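Take a look at the structure set out below.
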Amino acid sequence: MKMSENDPAERIANNWQAVQQSVADALATSGRPAGSTKIVGVSKYVGLPETDLLVQAGCKTLGESRPQALWAKAEANQLPSDVQWHLIGHLQRNKIRRLLRHSVIIESIDSERALNAVAEISADQRITTDVLLEVNISGDEKKTGFAPEELPRLMQNVPAKGISILGLMAMAGWGTDPAEARTQFEQTRLLRDQLRTESGLELNELSMGMSGDFPAAIAEGATIVRIGSKLFEGVR
Ligand SMILES: *Cc1c(COP(=O)(O)O)cnc(C)c1O
């Protein structure tokens, strides 16, 4: 029997295919290798059943902005154990320990305190947590993240144990038009290049681009895009 257009499983599978295709097209247009941008499926808008449908459709990397939502889904023991979680929202110190049980990549390190706390707790557990530093590239006062000019000093003094800094995460400002968003992504890449030269760290990851602006981010070198709305269109 043919499933109906409104079947959530079919909708999510179609959306996942379409997003993968758009990412592949954007990479080809930019002359970048196929597969050089990873898609994080941002499941913060939906519950466990829809999240599970996305994983079944083939998306094995999931992002949540709230630590509690991330661990609730991970601890329900319904999703396959090879799901890789990314935290993409603000992290309070008292949430770190429980979060670290789930081998998360923390994309949203937004202060020196947060960086040091994750490093300390990870080192205590004899693990190394992969993190990205969140940059407030738009300068929007309501946005979290480091001011770009803070990072050169921070990078001179990173904790030696417990964390590995993989790169930068950034968001274009609210209501930014696509041309302006692209400029902000370019600034993020240039900042990464500068920090790479100064620190000697590789900083290979650039997480930038969401449903509304990911082609521009890919054109500017995004290695990770964080896509939510487009994957759950027609489902909620
Ligand atoms: C919600 C969110 C996303 C996903 O945004 P969409 O526009 O729904 O794709 C990406 N990054 C962060 C940090 C978010 O909070």
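The values are calculated or read from the model by the stated rules, or taken from the named source; none is laboratory data. Values in this document were obtained by computation on a predicted structure and should not be read as measured data. Reconstructed Cβ throughout: ideal geometry from the backbone, glycine too, with neighbour counts over all protein chains shown. Heads up: the accessible areas ignore ligands, DNA and RNA and are worked out on the full protein's heavy atoms, side chains in. Shrake-Rupley method; radii C 1.70, N 1.55, O 1.52, S 1.80 Å.
Restricted to the range 190-206, and to residues there that are open to solvent by less than 60 Å² (accessible area, probe 1.4 Å) and charged (D, E, K, R), the residue that is nearest to the ligand (Cβ to nearest atom) is Glu205. In this structure, Lys60 does not satisfy being within 15 Å of Gly228 (Cβ to Cβ), within 19 Å of the chain's Cα centre (by Cα) and open to solvent by 30 Å² or more (accessible area, probe 1.4 Å). Within the range 207-234, the residues that satisfy the criterion of being open to solvent by 40 Å² or more (accessible area, probe 1.4 Å) and more than 8 Å from the ligand (Cβ to nearest atom) are Pro215, Glu233, Gly234.
Kindly establish whether Arg182 is away from the ligand (no atom under 15 Å from the Cβ), more than 15 Å from Gly63 (Cβ to Cβ) and in contact with a Gly (Cβ under 8 Å, 6 or more places away or on another chain). Criteria not met by Arg182.
Only one entry of Asp52, Asp82 meets the criterion of being part of a helix (DSSP H, G or I) and over 16 Å from the mean Cα position of the chain (by Cα), and that entry is Asp52.
Inside the range 92-110, residues that are in contact with a strand residue (DSSP E or B) (Cβ under 9 Å, 6 or more places away or on another chain) and open to solvent by 60 Å² or more (accessible area, probe 1.4 Å) make up a count of 1. Go through the range 41-51 and report how many residues are open to solvent by 10 Å² or more (accessible area, probe 1.4 Å) and touching a strand residue (DSSP E or B) at 6+ places or on another chain (Cβ under 6 Å). So the count comes out to 1. Which members of the range 161-182 meet the condition of being farther than 17 Å from Ile106 by Cα and either open to solvent by 50 Å² or more (accessible area, probe 1.4 Å) or modelled with pLDDT of 90 or more (or both)? Ala172, Trp174, Gly175, Asp177, Pro178, Ala179, Glu180, Ala181, Arg182, listed by residue number. Checked against the criterion of being over 19 Å from the mean Cα position of the chain (by Cα), surrounded by fewer than 20 Cβ atoms within 10 Å (Cβ to Cβ) and closer than 22 Å to Ala217 by Cβ, the range 3-13 has no qualifying residue.
Looking at the structure I just gave you, is Asn136 among the polar types (S, T, N, Q) and touching a helix residue (DSSP H, G or I) at 6+ places or on another chain (Cβ under 8 Å)? When the stated conditions are applied, Asn136 passes them.
For (1) within 13 Å of the ligand (Cβ to nearest atom); (2) under 22 Å from Thr129 (Cβ atoms); (3) open to solvent by 30 Å² or more (accessible area, probe 1.4 Å), each residue gets a yes or a no:
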position	(1), (2), (3)
Asn15	yes, no, no
Val19	yes, no, no
Ala26	no, no, no
Thr29	no, no, yes
Ala34	no, no, yes
Leu53	no, no, yes
Ser65	yes, yes, yes
Gln68	no, yes, yes
His90	yes, yes, yes
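Note on the range 111-144: residues that are open to solvent by 20 Å² or more (accessible area, probe 1.4 Å) and either in contact with a strand residue (DSSP E or B) (Cβ under 8 Å, 6 or more places away or on another chain) or closer than 19 Å to Gly173 by Cα (or both) total 12.
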